[in-house]
Amino acid sequence: MTSLNNNVSDQEAQHSCYQEWMKLQQQDLLELIHALHDSSSDSSTSDLKLKQLIEKSIKHFQDYADTRRHLARSDVTAYLAPTWCTSLESSMLWISGCRPCSFIRLLYAISGKEFESHLPNYLQGKRCGNLSELSPAQFNSIDELQRRTIRLENRLSDKLASLQEDIADQPFAIIANEVAGNLGGICRETENALDTHAKCLMNVLEEADNLRMETLKELVMNILNPLQAVNFLVAGKKLHLCINAWGKTRDHLHGRNRETAERNTCPTLS
C-alpha cells in the first residue's frame, strides 16, 4: 500500500510540475508582451528592464528543469513518455522536451517573416530593431551555434538509441528468456537491470536539459540584443502555449479526453 501511495504521489507531483510550468509560461508571456508595448510607445524603456525580464524567464526555465530533474530521478521513464502532455505535444518531444535546435529554427522563421512584413519600411530607411534586423555578426554566431547544437543533439540521439537497443541485449534478453509462467513478475536481477537502465536514461535526460538551457541562454543573453531577445521569447512562449491548446482540442475531438474541452485560445500581441 505504501508503494502504491508513493506512486500516486509521484504521478501527482509530475502532473503538478508541468501544469505550474504552463501557468508560469502564460504569466511570463503577458509580462514580456507588456514590456514590448512599453518599449514601442516609450523609447525610455531601458535595456536594463528588458534584461531583467529575460533573466527572469531564463530562471523560470531553469527552475522548472531543476524541479523536473529532481522528480525524474525516482521515475525517469515517466518523463520520456509523459502522460500529462497532449498527444500532439508527445509527438514532438525529443528526450522529454523540445529539440534545442528548434530555438534556432524558430528564430530564423520569425526573422524571415518580420523582414517580409517590414520591407517597405526598410526601403525607406526606417528601422525598428526587431528580429528582422539581425546583423551579419549575429547571423554568423547563430549559424555557429546551430551547427554545434545539431552535433550535440545527434550525439545524444545516438546515446538514447543505444539504450533502446540494449533492451534486446543482455541482461534483459536472458532474463526474459528464462521467465517461466509469470511474465509480469520482476525478480531481483530484473530490478537491478532496470535500475541501471534508468540511471543511464537519467544521464541522457540531464544532458538534453543542459543542452536546451545552454542553447537558449546563448541566444537570448549573448547573441540577441535585449529587444530582440524579448521578441524571441514572446514568439517561443506563444508557440508552446498554442501547441498545448491545439493538442487539447485535438485530443477532445478524437475522444482521448473525456472531460469537457477547455476553451483554448492562442495568446496574441493585441
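Checking segment 128-138 against the condition returns a match, with at least one residue being over 16 Å from the mean Cα position of the chain (by Cα), modelled with pLDDT of 90 or more and open to solvent by 80 Å² or more (accessible area, probe 1.4 Å). Looking across segment 82-102 at every residue that is assigned to a helix (DSSP H, G or I) and open to solvent by 30 Å² or more (accessible area, probe 1.4 Å), the one that is farthest from residue 145 (Cα to Cα) is identified as 87.
Here is a check on your reading of the model: is residue 182 surrounded by fewer than 15 Cβ atoms within 10 Å (Cβ to Cβ) and at pLDDT 95 or above? Judged against the criteria, residue 182 is not a match. Looking only at residues that are part of a loop (DSSP other than H, G, I, E, B) and within 19 Å of residue 156 (Cα to Cα) in segment 57-81, which one is farthest from the chain's Cα centre (by Cα)? Only one residue fits best here, namely 73.
Annotation note: of 231, 210, the sole residue that is polar (S, T, N, Q), modelled with pLDDT under 95 and within 22 Å of residue 56 (Cβ to Cβ) is 231.
The values are calculated or read from the model by the stated rules, or taken from the named source; none is laboratory data. All values derive from a computational prediction rather than experimental measurement. All Cβ positions, glycine included, derive from the backbone under ideal geometry; neighbour counts span all protein chains shown. All accessible areas refer to the heavy atoms of the entire protein, side chains included, with ligands and DNA or RNA removed. Shrake-Rupley method; radii C 1.70, N 1.55, O 1.52, S 1.80 Å.
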